[in-house]
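Right, one structure below, let's go through it.
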Amino acid sequence: MLIRELQRLGNLLEPWREFDSINREAFRTLSPGRVEFPPVNLWKNENKAVITTEIPGVDPEGVEINVVGNTITLRFERKPEELKEGESYTRKERWYGEFSRTIELPFNVQGDKVEAKFSRGILYIEMPRAEAEKPRKITVQAE
Amino acid sequence: MAETVKDISRKNRKIYAPVVDIFETANNILIVADMPGVDEKSVDITLEKNLLTIHGMIDSTTHDNLELAFSEYGIGDYQRAFSLSDEIDRSNIKATVKDGVLKLILPKSERIKTRKIEVIKES
């Protein structure tokens, strides 16, 4: 009797399968291991490069960012919820663990001027381009 | 269902189903959803009959004077729906959001809560 009751509880929530307006194939975060994780978007102009990545629920204090030349390495960890005895997962889709990723940038950047922000689960890193590499405008002088 | 102006303007936006963990404690069912970019002002939770719907809206961030060099993830709103059984106490559902993670606490109704029965020493 008790066992039946527990099994029934496990079915309290079932994703509503007929919900067709959801773009099902495009689950928001790909699970680690399938592609390079975490996925990043990279923006640039001639003066700087910006990287964004989605790491919701990660403690920003524990995020390590290393910039060398034209590469940036991110390291972070997300810990799973610690369940007490008798508690159990009905569904576990979110990623957990320690991750590290190195990304190649389109140019060398000034490592000491990198700025990182973490807001609403999104990590935003702005990296100014190394001065020596910035394109220069050469004025043509009239003879 | 009648469409509002907001629905129409958002029609062509991508909608993603956020990944979720669901777990059960003695008194509650918890739904934890990854919704990066969402805060307490941009998430709607509705309960209509048995259907609990989570809807998160994202500001389409444009970066001034920057061009996208490469993109490995897409940006869009979030939506996912769950059907609840009668064993959830609908009047006491609570939700919090922190660092792009939505946490929903769905209390079990009194009649199905796990009860601990104290064993008393026979005298």
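The values are calculated or read from the model by the stated rules, or taken from the named source; none is laboratory data. These numbers were taken from a predicted model, which means no experiment stands behind them. Cβ: placed from backbone, ideal geometry, glycine included. Neighbour counts: every protein chain shown.
Taking the criterion of being outside any loop (DSSP other than H, G, I, E, B), hydrophobic (A, V, I, L, M, F, W, C) and buried (at least 19 other Cβ atoms within 10 Å of the Cβ), the residues of region B:55-83 that qualify are B:81, B:82. Checking the structure you have, find out if any residue of region A:72-91 is aliphatic (A, V, I, L, M), out of contact with any Ser or Thr (no Cβ under 8 Å at 6 or more places or on another chain) and within 21 Å of residue A:45 (Cα to Cα). No, region A:72-91 has no match at all. Scanning region B:23-33 for residues that are within 22 Å of residue A:86 (Cα to Cα), more than 7 Å from chain A (Cβ to nearest Cβ), of a type in the set (S, T, N, Q) and loosely packed, with under 15 Cβ neighbours inside 10 Å turns up at least one hit. Here residue A:8 passes the criteria (1) more than 17 Å from the chain's Cα centre (by Cα); (2) modelled with pLDDT of 50 or more except the one numbered (2).
The sole residue among B:103, B:98 that is surrounded by fewer than 17 Cβ atoms within 10 Å (Cβ to Cβ), closer than 27 Å to residue A:126 by Cα, facing another protein chain (nearest Cβ under 10 Å) and under 15 Å from the mean Cα position of the chain (by Cα) is B:98.
Name the residues in region A:54-87 that are of a type in the set (Gly, Ala, Ser), at the interface with chain B (Cβ under 10 Å from one of its Cβ atoms) and in contact (Cβ under 8 Å) with a residue 24 or more places away in the chain, would you?
Residues of region A:54-87 of a type in the set (Gly, Ala, Ser): A:57, A:62, A:69, A:86.
Within this subset, residues satisfying the condition of being at the interface with chain B (Cβ under 10 Å from one of its Cβ atoms) are A:57, A:86.
Once the filter is applied, which keeps residues that are of a type in the set (Gly, Ala, Ser), at the interface with chain B (Cβ under 10 Å from one of its Cβ atoms) and in contact (Cβ under 8 Å) with a residue 24 or more places away in the chain, region A:54-87 yields only A:57.
When each of B:82, B:70 is tested for being closer than 16 Å to residue B:29 by Cβ and in contact with a strand residue (DSSP E or B) (Cβ under 9 Å, 6 or more places away or on another chain), the lone residue that passes is B:82.
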